[in-house]
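Step one of this worksheet: look at the structure below.
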Amino acid sequence: MTQSKHIDAKMQWLTYQVRRLGWQGQLAILLLVATVVIFFIVQANQAEAERLHLVVEDLQHRVPVEIKREKQSNYIAKRFYQALPSENEANQKIADVLTLIEKHGLALNRSDYSTRAIPQSSMVLYQIKFPLVAQYPTIRNFVTDVMNSQRTIALSHINFKRDDLNNDIVSSNLEFVLYTKAAGKE
């Protein structure tokens, strides 16, 4: 019991001394303690970083590293080109887009097609441009269906124009790009 009273007396004395300092003194003590704690944390982290640095150096000297970047990049390029349809399939892919236009009840008055071979690659791009006039959700659903059904077609341009705010019909110009493998580059 006397030991408990002795501890209580010391705590009361410590509390009294801390209160005597005021908030500025209490803040200074808190900052001093925080600085000491942070110092020891930083020292521990520096020691661990130095140890890991030595481990890394040791591993670099012991383990032979094979660089296979050339083989890996060729493998990635090969898989990329395998995923592309051949140039001979381009007409069918374009016909599938036209079928989706009909499926969504859209009317196609005109369309423009152009091809472009990509230099230093085995790709040919087909640009497909056409205007559509319909409600915005219908055009958006059509574009979504094209993108979901044709993995090698990208939407490269789209714009909308509405002549009357009270009308829910919009005019749009769309441009898709179909990526294919050049013929003979199978």
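The values are calculated or read from the model by the stated rules, or taken from the named source; none is laboratory data. Predicted model only: the values in this text are computed from it and were never measured. Because the Cβ atoms are built from the backbone with ideal geometry, glycine has one as well, and the counts that use them run over all protein chains shown.
Tabulated data for the structure shown
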read-out	value
Residue ID - nearest to ALA83 (Cα to Cα), chosen from residues in region 158-186 that are within 26 Å of the chain's Cα centre (by Cα) and without any contact (Cβ under 8 Å) to a residue 24 or more places away in the chain	ILE158
Residue among ALA107, ALA83 that alone is closer than 16 Å to ALA154 by Cα and aliphatic (A, V, I, L, M)	ALA83
Wholly within region 1-103, helices (runs of 4 or more DSSP H) carrying at least 2 residues that are within 30 Å of VAL146 (Cα to Cα) and not β-branched (Val, Ile, Thr)	69-83, 90-103
Residue check, SER111 in contact with a strand residue (DSSP E or B) (Cβ under 7 Å, 6 or more places away or on another chain) and at pLDDT below 90	yes
Residues satisfying the stated conditions in region 173-186, i.e. under 15 Å from VAL97 (Cβ atoms), touching a helix residue (DSSP H, G or I) at 6+ places or on another chain (Cβ under 9 Å) and either aliphatic (A, V, I, L, M) or assigned to a loop (DSSP other than H, G, I, E, B) (or both)	LEU174, LEU178
Count of region 148-186 residues which are modelled with pLDDT under 90 and small (Gly, Ala, Ser)	3
Some residue of region 137-147 being at pLDDT below 90 and surrounded by 13 or more Cβ atoms within 10 Å (Cβ to Cβ)	no
Subset of region 122-172 [in a strand (DSSP E or B) and either among the hydroxyl-bearing types (Ser, Thr, Tyr) or not assigned by TED's automatic domain parsing to the domain that holds ASP96 (or both)]	TYR126, SER156, SER171, SER172
Meets criteria (surrounded by fewer than 16 Cβ atoms within 10 Å (Cβ to Cβ) and among the aliphatic types (A, V, I, L, M)) for LEU98	yes
